[in-house]
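Scroll down for the structure; my scribbles are underneath it.
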Amino acid sequence: MFSVVATEHNDVVGFGRIVGDGGLYFYIQDLIVHPEFQNNGLGRRLMDELISYVRGNAKFGAFVGLMAAKGLKEYYESYGFKARDEDAPGMYQVIK
């Protein structure tokens with residue numbers, strides 16, 4: 001549905017995408033930043049674009065999910081995501 005790409009000298013250094021049905025279900029997939037470009041705000045800029053797309057296109061009550069890498073729970077919580085139960089991995093939010 002939507003993707004963002006960060007490049008430097010024609011090389012991809014960051015990427016994120018959203019898949020889903022365009023109305024009720026949105027999944028943030030593959031948000032990744034090359035290790036040499038981490039910890040400088042690039043991931044946040046990519047995520048800001050992904051969240052902006054969701055906010056501009058999701059209907060009331062839409063489900064937004066993602067699978068968070070270990071150690072990134074607080075990062076995604078800052079965007080309003082909530083951790084699921086321990087026996088149900090991933091994070092989610094409902095657009096209101």
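Residue-wise test of (1) within 24 Å of residue 94 (Cβ to Cβ); (2) of a type outside the set (Gly, Ala, Ser); (3) out of contact with any Asp or Glu (no Cβ under 6 Å at 6 or more places or on another chain).
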site	(1), (2), (3)
10	no, yes, yes
14	no, no, yes
20	yes, no, yes
34	no, yes, yes
41	no, no, yes
49	yes, yes, yes
54	yes, yes, yes
58	yes, no, yes
75	yes, yes, yes
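Restricting the search to the range 46-80, which residues are assigned to a helix (DSSP H, G or I), without any contact (Cβ under 8 Å) to a residue 24 or more places away in the chain and exposed (fewer than 12 other Cβ atoms within 10 Å of the Cβ)?
56, 74
Across the range 1-42, what is the number of residues that are touching a Gly at 6+ places or on another chain (Cβ under 8 Å), modelled with pLDDT of 95 or more and of a type outside the set (A, V, I, L, M, F, W, C)?
3
Mind listing whichever residues of the range 14-34 are surrounded by fewer than 18 Cβ atoms within 10 Å (Cβ to Cβ), over 22 Å from residue 61 (Cα atoms) and of a type outside the set (Asp, Glu)?
Across the range 14-34, the qualifying residues are 15, 32, 34.
Mind checking whether some residue in the range 35-42 is surrounded by 12 or more Cβ atoms within 10 Å (Cβ to Cβ) and either in a strand (DSSP E or B) or of a type in the set (Gly, Ala, Ser) (or both)? Steps first, answer last, please.
Of the residues in the range 35-42, the ones surrounded by 12 or more Cβ atoms within 10 Å (Cβ to Cβ) are 37-38, 42.
Then keep just the ones that are either in a strand (DSSP E or B) or of a type in the set (Gly, Ala, Ser) (or both); that gives none.
The answer is no, given that none of the residues of the range 35-42 is surrounded by 12 or more Cβ atoms within 10 Å (Cβ to Cβ) and either in a strand (DSSP E or B) or of a type in the set (Gly, Ala, Ser) (or both).
Yes or no: the range 82-96 includes at least one residue that is modelled with pLDDT under 90 and of a type in the set (Val, Ile, Thr). Even if it seems obvious, please write down each step before you answer.
Start the filter on the range 82-96 by keeping residues that are modelled with pLDDT under 90, which leaves 82-96.
Narrowing further to those that are of a type in the set (Val, Ile, Thr): 94-95.
Taking every residue of the range 82-96 in turn, at least one turns out to be modelled with pLDDT under 90 and of a type in the set (Val, Ile, Thr).
The values are calculated or read from the model by the stated rules, or taken from the named source; none is laboratory data. As the structure is a computational prediction, the values presented were derived from the model and not from experiment. Using ideal geometry, Cβ is built from the backbone for each residue, glycine included, and neighbour counts are taken over all protein chains shown.
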